[in-house]
Amino acid sequence: MRPPPTGDLRWRPPATVRPWDGVKETKQYSATCPQPEPTAPLNMSEDCLYLNVWTPAKSSDEKLPVMVFFYGGGFANVAGSIPFYNGTTLAQNGVIVVTPNYRLGALGFLAHPQLDNESPHNASGNYGIMDQQAALKWVQKNIGAFSGDPSRVTIFGQSAGAESVLVHVASPTSTGLYQQAIVESGPFWANGAIIDATHPKTYAEQFGMNYAASLGYSGPDAIARMRLLSPETLINATPSPGAGFWTTHTVQFEPTIDGWILPDTLANLYLLHKENPVPFMIGNNANDGTTLSANANMTVTEYRAFLKGRFNEDANAVFAKYPANSTAEVQLRLAQIMTDYDFSDSVKFAATSMGDISPDTYVYRYSYVLPGQPNGAFHGSEALLLFGVPVPAVPAVSSNVVDLWTRFAKTANPNGGMDITWPNYTRKQPRYLDINVTPIIVGGN
């Protein structure tokens with residue numbers, strides 16, 4: 001286990017694992033990293049940097065492929081140590097599944113000049129990403145003991161976890177820690193309608209200083225004094241991830257373009273083909289924006305003002321494409337805008353770049369609607385099937401999703417289990433798989 005990131009270790013890279021003698025008993029999930037209190041109480045503690053392993057191996061020499069999952073939650077909540085992310089369903093398809101925790105909110109993503117000064121890289125703010133990298137390093141060193149092959153590691157994630165995967169694929173400090181990547185509904189850039197995926201260093205640091213000042217700390221010892229605070233105090237002072245969805249460029253605690261882990265915006269790194277050319281599978285859900293944009297309660301006048309603030313001179317064209325004459329219609333249009341700009345466009349941009357440099361690039365659109373579900377193929381609904389959450393679903397869809405993900409992890413090619421062939425995605429042939437009761441191929445020339 002690692003020394004917990006508390007006291008002087010708070011807002012530092014994760015410490016080295018402490019070895020132990022004998023066999024360590026691990027029959028229960030670890031605590032989740034501190035976060036706003038959920039509806040169902042969680043066991044929370046800063047001593048949360050642990051991971052879970054599911055292995056189907058029956059002998060010690062099987063050399064199975066490994067899938068490492070990063071959870072979503074807006075970099076503010078959720079954990080790999082909750083029963084929802086039970087890896088049994090995937091592991092039954094012949095892969096090892098690993099679900100690590102990583103620090104969240106201010107504890108995981110606070111950028112501040114005083115923290116820069118402590119860093120040999122003059123960088124701060126990406127502690128949660130460092131936790132993920134530490135988990136990947138642990139996998140490289142130890143997964144062989146679980147019959148895993150460290151040369152066949154696929155990283156995958158949903159929402160903020162998918163954005164994390166996009167960061168790792170573009171980060172020079174993550175190179176060599178994985179061999180393949182799957183991105184499920186990952187926000188990507190500042191060109192979206194609502195979500196800013198990453199923030200410039202100066203912007204994030206200013207927000208960090210404002211956050212510290214809101215707690216009463218602005219002097220040269222601000223960080224030292226904040227390290228004495230309880231995690232509850234820091235969490236309670238953290239803005240809700242949803243609070244900034246309907247304002248323009250509102251900073252939340254999330255990855256920072258620090259010049260080290262993330263040397264530039266994701267858009268620039270992928271535009272310039274500076275990402276790692278690994279086998280790559282990416283997609284989003286047909287109704288990603290439905291639940292994320294819920295309860296905006298925006299009038300038509302407020303909607304037009306929002307579009308003006310976000311799209312400037314293009315606001316009228318966007319309104320013409322997504323018209324609304326009532327608050328109810330505004331709600332529908334916001335869901336569509338968020339799905340299209342923040343998710344679908346991100347998929348196309350990243351896939352086009354990866355398709356130029358990696359022939360094993362595959363794009364999907366998950367459009368299957370769970371029976372009785374009014375929100376369509378909502379954000380994260382594919383993960384319910386991947387992790388075997390008991391929901392009413394057509395068995396063929398559930399088995400297809402699990403099969404596609406695990407086949408890709410095994411061979412860098414998701415094909416072989418369906419009646420149709422999922423083609424590679426390229427700039428000239430932008431074809432994708434629509435995942436539904438009957439899978440179909442869409443697009444191309």
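No lab work stands behind these numbers, since they all come straight from the coordinates. Every value quoted in this text rests on a predicted model; they were computed, and no experiment measured them. Neighbour counts are summed over all protein chains in view; Cβ atoms, including those assigned to glycine, are modelled from backbone coordinates with ideal geometry.
Summary of computed values
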quantity: Cα-derived Rg to Rh of region 339-445, Kirkwood definition; calculated: 0.96
quantity: All aspartates and glutamates inside 12 Å of residue 321 as judged from Cα atoms, apart from same-chain residues fewer than 8 positions distant; calculated: 340
quantity: Taking the chain and dividing mean pair separation by its residue count, relative contact order in percent (alpha carbons under 8 Å, at least six apart); calculated: 15 percent
quantity: Shape metrics for the chain, restricted to C-alpha atoms - Rg then Dmax, Å; calculated: 21.4, 68
quantity: Cut-off 20 Å (backbone N to label point 7 Å along Cα→Cβ of residue 413), residues of region 420-445; calculated: 420-427, 429-434, 440-442
quantity: Distance between region 399-431 and region 102-180 - C-alpha centres, whole angstrom; calculated: 26 Å
quantity: Extension reserve of the residue 26-residue 271 stretch, reckoned as 0.36 nm per residue once the Cα distance is removed; calculated: 83.8 nm
quantity: Residue-span extension gain [residue 332 to residue 305] - 0.36 nm each, minus C-alpha spacing; calculated: 8.1 nm
quantity: Net lengthening on full extension, residue 59/residue 437 (0.36 nm per residue, minus Cα-Cα); calculated: 132.4 nm
quantity: Violating pairs (Cα-Cα greater than 29 angstrom) within the set 348/410; 201/348; 137/428; calculated: 137/428
quantity: With 10 Å bins from 0: P(r) over region 282-348, alpha-carbon pairs, percent; calculated: 22, 53, 23, 1
quantity: FRET E, pair residue 9, residue 264, Förster distance 30 Å, beta-carbon r, rounded to 0.05; calculated: 0.55
quantity: Rh (Kirkwood; distinct C-alpha pairs) - region 39-100, Å; calculated: 13.0 Å
quantity: Residue 145 versus residue 314: modelled label distance in nm, points set 7 Å from Cα along the beta carbon direction; calculated: 5.1 nm
